[in-house]
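The values are calculated or read from the model by the stated rules, or taken from the named source; none is laboratory data. Source: prediction; values computed, not measured. As a convention, Cβ positions derive from the backbone with ideal geometry for all residues, glycine included, and neighbour counts pool all protein chains shown. Each accessible area value is taken on the protein alone, full model and side chains, heavy atoms only, with ligands, DNA and RNA left out. Shrake-Rupley method; radii C 1.70, N 1.55, O 1.52, S 1.80 Å.
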Amino acid sequence: MTQTKNNNHEITASEWEVMRIVWTLSGATSHQLIASLSEKMAWQESTIKTLIRRLEEKGFLKREGTSRPFKYLATLSEQEGINLQVDRLFGNLCAMHIGPTLIRLVKQHQLSQADLASLSTVIAEKASTAPVKVACDCLTDCQMEDDGGCQHDQAK
């Protein structure tokens, strides 16, 4: 799949509902989207059409065909969309909090045996080059403390 026209745009929670249907059906007509989302979310047709239009403008959907009902195709795979959102989220976190966040995610969510085996392999590979502590990257002058916190944390 190709990257979006403008990957600076984020997909809102409502737009994700549209994208999930498009990904699940490997493309969806406007009628399919309206029927599914009207039932699932109790949204009006005009709301759904607005979400479709916004996703087109952001470059996440492209319209196929010249007559109605139009078919909409995703311009990126579901995994690419997930990666984009996760990278944006983790890019906003202090580097010190990424590890605890990942641990929480693994504990909170059901994972397959294959997923856990892959995670174990990745963790084992990263362990050999991992630092003892990950430094805060929120401030340029952050000084790590022995307890793993930052000097600026104590000023609060």
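Table for the structure above
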item	result
Contacts under 6 angstrom Cβ, first residue in region 22-48 being in the same structural domain as Arg63 (by TED's automatic domain parsing), partner open to solvent by 80 Å² or more (accessible area, probe 1.4 Å) and not aliphatic (A, V, I, L, M), 6 or more apart	Trp23/Glu78; Ile34/Glu45
Answer from Leu93, Leu73 - the residue that is without any contact (Cβ under 8 Å) to a residue 40 or more places away in the chain and either in a loop (DSSP other than H, G, I, E, B) or touching a Lys or Arg at 6+ places or on another chain (Cβ under 8 Å) (or both)	Leu93
Filter result for Arg68 (open to solvent by 90 Å² or more (accessible area, probe 1.4 Å) and closer than 30 Å to Asn92 by Cα)	no
Residue in region 27-47 that is among the hydroxyl-bearing types (Ser, Thr, Tyr), outside any helix (DSSP H, G or I) and closer than 25 Å to Val86 by Cβ present	no
Residue within region 28-49 that is surrounded by 14 or more Cβ atoms within 10 Å (Cβ to Cβ), among the polar types (S, T, N, Q) and touching a Ser or Thr at 6+ places or on another chain (Cβ under 6 Å) present	no
